[in-house]
1. Ignoring ligands, DNA and RNA, what percent of the accessible area of the chain is carbon or sulfur (1.4 Å)?
2. At most 13 other Cβ atoms within 10 Å and a DSSP loop assignment: could you name the trypsin sites (Lys or Arg not before Pro) in the range 1-94 that fit?
3. How long is the gain from Thr91 to Val110 if the chain were fully straight, where each residue apart is worth 0.36 nm and the alpha carbon distance is subtracted?
4. Using Cα positions and a limit of under 18 Å, work out the lysines in reach of Lys37, with same-chain residues fewer than 8 apart set aside.
5. Could you give the size of the charge dipole of the range 20-111 about its Cα centre, using +1 on the Cβ of each K and R and -1 on the Cβ of each D and E, expressed in debye and rounded to the nearest 20?
6. Cα gyration tensor of the range 7-57, axes a ≥ b ≥ c as square roots of the eigenvalues: rounded (a/c below 1.5), prolate (a/b > b/c) or oblate?
7. Using only helices, what value at 222 nm comes out for the chain when you add -39,500 (n - 2.57) per DSSP H run of length 4 or more and divide by the total residues, to the nearest 500 deg cm²/dmol?
8. Alpha carbons only, please: Rg and Dmax for the chain, in angstrom.
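The values are calculated or read from the model by the stated rules, or taken from the named source; none is laboratory data. Please read all numbers here as calculations on a predicted model, not as lab measurements. Backbone-built Cβ (ideal geometry, glycine too); neighbour counts: all protein chains shown. Please note that ligands, DNA and RNA were not included when accessible areas were found on the heavy atoms of the full protein model with its side chains. Shrake-Rupley method; radii C 1.70, N 1.55, O 1.52, S 1.80 Å.
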Amino acid sequence: MKERTDYETFQKLDIRIGRIISVDSFPEARKPAYKLKIYFGDDIGILNSSAQITNYKPEDLLGRLVVAVVNFPPKRVANFISQVLVLGSITKDGVKLLSVDEGAVPGDYVA
């Protein structure tokens, strides 16, 4: 378990639901990854993510709802600017994306 934190620190994270609208290969990345474009509703729009989720096929990711932190500073990954961190569990078989129940829509806030 990591060091304990408080609820106030957690509240600083802006975690939202987004829909993957584009998946591209990313051969320039040091570790296998995809370049994702994710739509977070009209208020936020489309943001990019470099995601190490290559245990998924691109066609299985396209259109999928994901959970992501949208207020981290942008990070350069090779020649790409990653703007959000897509959340998933780290397993022995790779990253397993967090699932979203039916009825959630892009832009919904995660509390």
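1. 51
2. Lys2, Arg4, Lys12, Arg30, Lys92
3. Length difference between fully extended and current span is 4.6 nm.
4. Answer for Lys37, where 18 Å is the Cα cut-off: Lys57, Lys75, listed by chain and number.
5. Numbers: 10 positive and 10 negative charges, 116 e Å.
So the dipole magnitude of the range 20-111 works out to roughly 560 debye.
6. Values: a/c = 2.72, a/b = 1.56, b/c = 1.74.
Taking the square roots of the gyration eigenvalues as a ≥ b ≥ c, the range 7-57 is oblate.
7. Values: 2 runs with 9 residues, N = 111.
Helix contribution divided over all residues of the chain: -1500 deg cm²/dmol.
8. Expressed in Å, the Cα Rg and Dmax of the chain come to 14.0, 39.
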